[in-house]
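Note sheet for the following structure.
The values are calculated or read from the model by the stated rules, or taken from the named source; none is laboratory data. Bear in mind that the values here come from a model prediction, so they are computed numbers and not experimental data. Because the Cβ atoms are built from the backbone with ideal geometry, glycine has one as well, and the counts that use them run over all protein chains shown. The area values use the complete protein model at the heavy-atom level, side chains included, leaving out ligands, DNA and RNA. Shrake-Rupley method; radii C 1.70, N 1.55, O 1.52, S 1.80 Å.
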Amino acid sequence: MWESTSYELEKIQSNVVTAEEEFNSLENRLGPVYSCNFELNNSLAVSDLSLKVAVIREEGTNGDREMSVALFMAGFEVWDITVQDLLNDAVNVDQFRGLIFPGGFSYGDVLGSAKGWAASLAFHPNVKKSLENFMSKNNTFSLGVCNGCQLMCNLGLVGEINESNTLNIDDPPVIMCHNKSGRYESRFSTVKINPSKAIMFKDMDESILGVWIAHAEGRFEFRNADVKDALVTNNCIPITFVDDQNISTENYPMNPNGSPGGIAGICSFNGRHLALMPHPERSVFTWQWPYTYGLKTAFKDGDRAPWMQMFYNAYEWCSRN
Ligand SMILES: NC(=O)CC[C@H](N)C(=O)O
């Protein structure tokens, strides 16, 4: 009896590993997948420009706080705007350089992801007009993440090659469909940043990064093959899910939703508007990543993880344009 207990104890003690050893062994098992091909620029030029962005939320949105923090850390003046503020004409989107649509479950997604949210904006004539006006200016940008990505697709804000800057809720070029698994998928996934026109991904090409995903309707579908071909040939697919060889993949589980070509996000043909299924704003601090110790070692940027670069890029682009 005693013998076997001490044997067990010995076994347990010999299995005690340091955090570093644990990270290294996980690295060996899972493959050291992350490679950051750019230097995170933490030294912001302080300017007296007041660059305002609006984080637009609806009932059921849940990613607005993290999004605001990431934008604030990049230097923006961040406004918390509800759809009701827009419908009441209390705020006009005209005053903002960026419109940000965060993730969540707007109206509980009861009509399908972001369908009710899209309708509430598109069927209000003044709001529709001011969104179209915002899109048509050449010094504005927008970002939609997850439910926000679904919203941008439902509104037809991305995917239209002629960029008429009119909302198209009746026949949008891109729609988001249920994950092939038929389930809500939530995990840390690996993505590759591809050369593209997206202003927020400037100089981040070819990096392989981990990022949180959490969605049930993340599969991109296109009105026809022309829509997809135009996005591909015009470098409007800035981010794809990759397998453990870092090749874009349609295969589950590395691709959580079955999107063709591993597509995880698309941008407008001018690069200013970006719709992403993954959540960079939930991955901007190293401590939000799994295996934090190793990431700190790998990236050496204190608490800030490589995804912060997207927000720095947006700020830098706005101060130049
Ligand atoms: N994280 C999110 O924004 C989720 C989006 C949407 N509710 C879905 O499940 O697909």
Selection status of SER113, surrounded by 19 or more Cβ atoms within 10 Å (Cβ to Cβ), within 16 Å of the ligand (Cβ to nearest atom) and without any contact (Cβ under 8 Å) to a residue 60 or more places away in the chain: no
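Only one residue in VAL158, VAL127, VAL174 is open to solvent by less than 10 Å² (accessible area, probe 1.4 Å), among the β-branched types (Val, Ile, Thr) and in contact with a Lys or Arg (Cβ under 9 Å, 6 or more places away or on another chain). Which one?
Details: VAL158 fails: in contact with a Lys or Arg (Cβ under 9 Å, 6 or more places away or on another chain); VAL127 fails: in contact with a Lys or Arg (Cβ under 9 Å, 6 or more places away or on another chain).
The match here is VAL174.
Take the range 67-89 and flag every residue that is more than 13 Å from the ligand (Cβ to nearest atom) and part of a helix (DSSP H, G or I). Before the answer, list the steps.
Just the residues of the range 67-89 that are more than 13 Å from the ligand (Cβ to nearest atom), to begin with: 68-89.
Of everything in the range 67-89, those that are more than 13 Å from the ligand (Cβ to nearest atom) and part of a helix (DSSP H, G or I) turn out to be SER68, VAL69, ALA70, LEU71, PHE72, MET73, ALA74, VAL83, GLN84, ASP85, LEU86, LEU87.
Could you run through the range 90-119 and say how many residues are part of a helix (DSSP H, G or I) and closer than 16 Å to ILE175 by Cα?
Keep residues of the range 90-119 that are part of a helix (DSSP H, G or I), which gives 93-95, 106-109, 115-119.
Now narrow it down to the ones that are closer than 16 Å to ILE175 by Cα: 109, 115-119.
Number of matching residues: 6.
Applying the selection to the range 171-194, what residues are touching a helix residue (DSSP H, G or I) at 6+ places or on another chain (Cβ under 9 Å) and not polar (S, T, N, Q)?
So the first thing to find is which residues in the range 171-194 are touching a helix residue (DSSP H, G or I) at 6+ places or on another chain (Cβ under 9 Å), and the list is 172-176, 191-194.
Hits for the range 171-194 are PRO172, PRO173, VAL174, ILE175, MET176, VAL191, LYS192, ILE193.
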Residue selected from the range 134-151 under the condition farther than 16 Å from ILE81 by Cβ and assigned to a helix (DSSP H, G or I), by the criterion nearest to the ligand (Cβ to nearest atom): GLN150
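Considering only the range 187-223, state which residues are in a loop (DSSP other than H, G, I, E, B), more than 16 Å from the ligand (Cβ to nearest atom) and in contact with a Ser or Thr (Cβ under 9 Å, 6 or more places away or on another chain).
ASN194, LYS197, ALA198, ASP205, GLU206, SER207 - these are the residues of the range 187-223 that are in a loop (DSSP other than H, G, I, E, B), more than 16 Å from the ligand (Cβ to nearest atom) and in contact with a Ser or Thr (Cβ under 9 Å, 6 or more places away or on another chain).
Per-residue answers, yes or no, for (1) in contact with a helix residue (DSSP H, G or I) (Cβ under 9 Å, 6 or more places away or on another chain); (2) among the hydroxyl-bearing types (Ser, Thr, Tyr):
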site: LYS228; (1), (2): yes, no
site: VAL232; (1), (2): yes, no
site: VAL242; (1), (2): yes, no
site: TYR252; (1), (2): no, yes
site: PRO256; (1), (2): no, no
site: PHE269; (1), (2): yes, no
